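Here is the structure we will look at.
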Amino acid sequence: MTITTTISSLGHKGEGIADVDGRKVFVPLVLPGERVEITADGERGTLLGVITPAPNRIEPICPHFGACGGCQLQHMDRASYEAFKTGLVETPLQFAGIDVKVSRFIDGSGAGRRRATLHARKEGAGYMRLRSHQVHDLDACPILVPGLAKAPDIARAVMQAVGEADVSFVASLTGLDVAIRTEKKQARPDRVAPLVSRFKLARLALNGEMVLQAQPAIIAMGRAQVELPIGSFLQATEQAEHLLADYVLAAVGPKVKSVADLFCGIGPFALRLAERCTVSAFDSDKPGIAALDKARRFTKGLRDVTAKARDLFRDPLTQFELPYDAVVLDPPRAGAEAQVRELAKSKVKTVVMVACDPRTFARDAAILVGAGYVMSDLIAVDQFIHSTHIEIAATFRR
């Protein structure tokens, strides 16, 4: 049955909210104030057409928008887009009792995303369709760096070689780093090895094991060069990494002597901080820690860097292990509650937190604020352009 309704607002997933017979129905690809025709199945609405478009509706930049589920917000003008994403950061903080506004909304998209994962299936290669487990076949993706232009073709070649798989790409300084994940136990490395020469890849891995490496996948971090481990975390855009690193360096300041970098990954902050002070870096990613340590050893002009593998969720640094002038945290989406509770009991004067999930960030920020820290310079870095994801950074001092 076709329903004619008006969209009242947007939810945090970027879907419009309509009141249909007293219940909320969530409709993608619409904007507040629009009169639309939809069908509804419980809380899930499907857009059939826009009767009265909102004045802030614009033409999407990609012909795949609406079918491909990779982007959610290409139909929204810049002012509305920034306001929506700013709200994603500020609203959870308000619910946590913290009345702090975003001081800067920064475009971190740069030249595009340097890493992406495409799904290779019988129907093609690309991202999942909107609200579906089916893949939308892509010829190109405008949010990726030019170096990933061949990613859909490579993913289709993987499908031909080993069957259905998820294919992760990183555009490194030395070429494409490609990692294949498949549930097929009989997938053989020799079937995919020819892809290295065919597509001039830097490295190819299958289910976490290296198949062939023409040259190491290198990422520059400050004056250091890091050999990227297979599957290690990397900020989605180079521009966002630079912006966040600049923020961390400025927040820590030039006069500190010692910093702890927690959830350090492969060292985007630690290696830059080490150009001016001693750094203790911790992360549960053992290959990432090894890569950071190797980069440290081969980079001239750095201060002392100690890199240790440690699960900061189960074994956070205690208040007695935090004799630092400042602490930097960049946890995954789950946040850093256990570690933040120890920081709250410590004597650390400056905490700089980078986060990718507004809700867990608000929870962790509330713990620090409750312990006497004052939050300042809250920024939003938009590296996941046209999506409902946002990167956050804030400084806490007492």
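The values are calculated or read from the model by the stated rules, or taken from the named source; none is laboratory data. Quantities reported herein were computed from a predicted structural model and do not represent experimental measurements. Cβ placement follows ideal geometry from the backbone for every residue including glycine, while neighbour counts extend to all protein chains displayed. Remember, those area values only see protein heavy atoms, side chains included, never the ligands or the DNA or RNA. Shrake-Rupley method; radii C 1.70, N 1.55, O 1.52, S 1.80 Å.
Using only Cα atoms, what is the ratio of the radius of gyration of the range 131-274 to 2.2 N^0.38 Å? Let's see the in-between values first.
Numbers: Rg = 17.7 Å, N = 144, 2.2 N^0.38 = 14.5 Å.
That works out to 1.22 for the range 131-274.
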Sorted peptide list for 145-155, 229-239, criterion being average Cβ within 10 angstrom, highest first: 229-239, 145-155
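How big, on average over all directions, is the shadow cast by the Cα convex hull of the range 127-168, in nm²?
Numbers: hull surface 13.1 nm².
Over all viewing directions, the range 127-168 projects a mean Cα-hull area of 3.3 nm².
Reported to two decimal places, what Rg/Rh ratio describes the chain when computed on Cα atoms with Rh from the Kirkwood expression? Could you put the intermediate results ahead of the total?
Numbers: Rg = 22.6 Å, Rh = 22.7 Å.
Rg/Rh: 0.99.
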Fraction in percent of alpha-carbon pairs per bin - 10 Å, the range 42-178: 10, 30, 31, 22, 6, 0
Dimensions in Å of the range 278-361 - Rg and Dmax from alpha carbons: 13.4, 40
The range 137-257, accessible area per residue, ligands and nucleic acids excluded (1.4 Å, Å²): 48
Net charge contributed by nearby residues that have their C-beta within less than 10 Å of Leu329 (K/R +1, D/E -1): -3
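Would you please put 69-79, 126-136 in order of how densely packed they are, using the mean number of other Cβ atoms within 10 angstrom per residue and starting with the highest? Display every interim value, and only then the final one.
On the way: 69-79: 18.6, 126-136: 16.8.
The densest-packed peptide leads the list: 69-79, 126-136.
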Intensity falloff of the range 256-398 expressed as log10 I(q)/I(0), Debye formula with alpha-carbon point scatterers, at q = 0.20 Å⁻¹: -1.24
